[in-house]
Amino acid sequence: MPHLTGWDDLDKTIAYLDRYGAETIRVFLPGYTKYSPESIKFNLSLWNDLRVFIDKCRTKYEVPITLEPSRIVNLDAIISGIIKDSPAAKSKLEIGDKIIKVNDKELFSRVDAFNQILKAANPKLSLERTGRVE
C-alpha cells in the first residue's frame, strides 16, 4: 500500500523477494473492492502510478512482476516477464516480445496464446520484436 507505507517499502519488498528466489511477484491494487475499509481506499490515479512503478521495477529486478487487477488496454500477447530457469528463460524470448503466432496459427488474444503454447509439446512461436517479425 504505497499510499500508506510509501514507495520505498514496496521497492524493498520486491527486492527482498527477488533476492530470495521468488519465481513471480503479484502486486495487488489495495482497497480495490467495495468491501475494503475506507482507511485503505485510494484515489484512482494510484493505479497508473503503481503501473509506472511496476514497469520500472521490471527493469531493476529479474523476477517477473504483475500488477493485479490489470488494466487491459489491448489483448496482445506481450511478454511482460520470464520465470528464471523456465523453458522460456532458456529460449530466445525477451521481455516486450509480442507473440503473433503459435505453430503458424494466428492468435486472437493473449489468453489464446497462453492456451496454444500450453497445449503444444514444443511450440514454434512467431514474434514481433521492436517492429520486426522474427
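The values are calculated or read from the model by the stated rules, or taken from the named source; none is laboratory data. Given the structure is predicted, the values throughout are model-derived calculations rather than measurements. Reconstructed Cβ throughout: ideal geometry from the backbone, glycine too, with neighbour counts over all protein chains shown. Side chains are part of the model used for accessible areas, which takes the heavy atoms of the whole protein and leaves out ligands, DNA and RNA. Shrake-Rupley method; radii C 1.70, N 1.55, O 1.52, S 1.80 Å.
Results for (1) open to solvent by 60 Å² or more (accessible area, probe 1.4 Å); (2) among the hydrophobic types (A, V, I, L, M, F, W, C); (3) without any contact (Cβ under 8 Å) to a residue 24 or more places away in the chain; (4) in a strand (DSSP E or B), shown as yes or no for each residue.
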{"site": "80", "(1), (2), (3), (4)": "no, no, yes, no"}
{"site": "86", "(1), (2), (3), (4)": "no, no, yes, no"}
{"site": "92", "(1), (2), (3), (4)": "yes, no, yes, no"}
{"site": "95", "(1), (2), (3), (4)": "yes, yes, no, no"}
{"site": "101", "(1), (2), (3), (4)": "yes, no, no, yes"}
- Of the residues in segment 10-26, those that are open to solvent by less than 40 Å² (accessible area, probe 1.4 Å) and either within 17 Å of residue 95 (Cα to Cα) or in a loop (DSSP other than H, G, I, E, B) (or both) come to 22, 25
- Task: Of all residues in segment 105-134, count the ones that are open to solvent by 100 Å² or more (accessible area, probe 1.4 Å), part of a loop (DSSP other than H, G, I, E, B) and not small (Gly, Ala, Ser).
- Result: 4
- Subset of segment 27-46 [within 20 Å of residue 70 (Cα to Cα) and surrounded by fewer than 10 Cβ atoms within 10 Å (Cβ to Cβ)]: 33, 34, 35, 43, 44, 45
- Any idea which of (1) among the aliphatic types (A, V, I, L, M); (2) surrounded by 12 or more Cβ atoms within 10 Å (Cβ to Cβ); (3) not in a loop (DSSP other than H, G, I, E, B) is the one residue 63 doesn't satisfy? (3)
- Note on segment 50-60: residues within 18 Å of residue 4 (Cβ to Cβ) and either crowded, with 18+ Cβ neighbours inside 10 Å or free of Cβ contacts under 8 Å to residues at least 12 places away in the same chain (or both) are 50, 53
- Query: All but one of (1) over 24 Å from residue 54 (Cβ atoms); (2) modelled with pLDDT of 90 or more; (3) under 19 Å from the mean Cα position of the chain (by Cα) hold for residue 117; which doesn't?
  - Reply: (1)
